[in-house]
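K.L.:
First the structure, which I've put down as structure tokens, then a few questions once you've had a look.
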2 protein chains.
Amino acid sequence: MSDQPVGPVPPFEPPYYTVVFTSLRTEAEDIGHADDGYDETGARMDDLVASVPGFLGMDSARTPGGLGITVGYFRDEEAILRWRGHAEHRTAQKRGRAQWYEKYVVHVAKVERSHGFERGDDLVRG
Amino acid sequence: MSDQPVGPVPPFEPPYYTVVFTSLRTEAEDIGHADDGYDETGARMDDLVASVPGFLGMDSARTPGGLGITVGYFRDEEAILRWRGHAEHRTAQKRGRAQWYEKYVVHVAKVERSHGFERGDDLVRG
């Protein structure tokens, strides 16, 4: 973990868009099924979304046995539509509903302001 | 864990607001300091924010040793301002910068659309 760059994604110049995806996994996760394709597909989606023009960044966290939250940031609505319509992403979404998720909610929102704090630094404004 | 109601917060009728707070804790967490007041203050803030008129709900997730994401939902900007200006919340924010957080970013955004999926249910729209 400590070798990997860990977020959070920085603030950007508003306006930009955020897509908040909150989810509960199906039981498979709890009983330790590592072979249901979830991690592999997730890694593939991370690569794919990064190639979408207008994609700004993404943060993810999951409490073990609990809720997962993924927040993606996009320059504009067009970028979100590109990602939403991506064929491989659509296939993964279907599999998510069929297999991986007990429940999820998606909120699409336009960021009006943002700021960041970093220890030892001044406040950073987007 | 399984006795507690776990999110995700459902979709609401747009427009409404979301505040995305992504953070990295200071080292204290990694070395298992349970006595730095973070959990206690967090629980108190959960109670307090729930009493703010216009507060709709909140989801949190934290990857062990990694990123934490808290997403709050509010009916309007006034509700966010009430929460931002709450005296006890402001004190907690100061302590967060002084003690608990290595880094954090806040994005304030207006939700334009949302939807939810629940296994065995139809798609739910906000």
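K.L.:
Among all residue pairs at least 6 apart or on different chains, which show Cβ distances below 6 Å where the first residue, located in the stretch A:95-120, is within 20 Å of A:V9 (Cβ to Cβ) and aromatic (F, W, Y) and the second is modelled with pLDDT of 95 or more and part of a strand (DSSP E or B)?
P.N.:
Taking only residues 6 or more apart or on different chains, the pairs are A:F117/B:Y104.
K.L.:
Let me ask something else about it. State which residue is surrounded by the most Cβ atoms within 10 Å (Cβ to Cβ) when the search covers only the stretch A:83-114 and only residues that are within 16 Å of A:Y73 (Cα to Cα) and among the hydrophobic types (A, V, I, L, M, F, W, C).
P.N.:
Going through the qualifying residues, I end up with A:A109.
K.L.:
Can you give me the number of residues within the stretch A:1-43 that are at pLDDT 65 or above, out of contact with any helix residue (DSSP H, G or I) (no Cβ under 9 Å at 6 or more places or on another chain) and of a type in the set (A, V, I, L, M, F, W, C)?
P.N.:
Total satisfying the criteria: 7.
K.L.:
While we're looking at this one, here's another question. Looking only at the stretch A:62-75, count how many residues are out of contact with any Asp or Glu (no Cβ under 8 Å at 6 or more places or on another chain) and surrounded by 15 or more Cβ atoms within 10 Å (Cβ to Cβ).
P.N.:
Number of matching residues: 8.
The values are calculated or read from the model by the stated rules, or taken from the named source; none is laboratory data. Owing to the predicted nature of the structure, the values given are computational and were not obtained by experimental measurement. Neighbour counts are summed over all protein chains in view; Cβ atoms, including those assigned to glycine, are modelled from backbone coordinates with ideal geometry.
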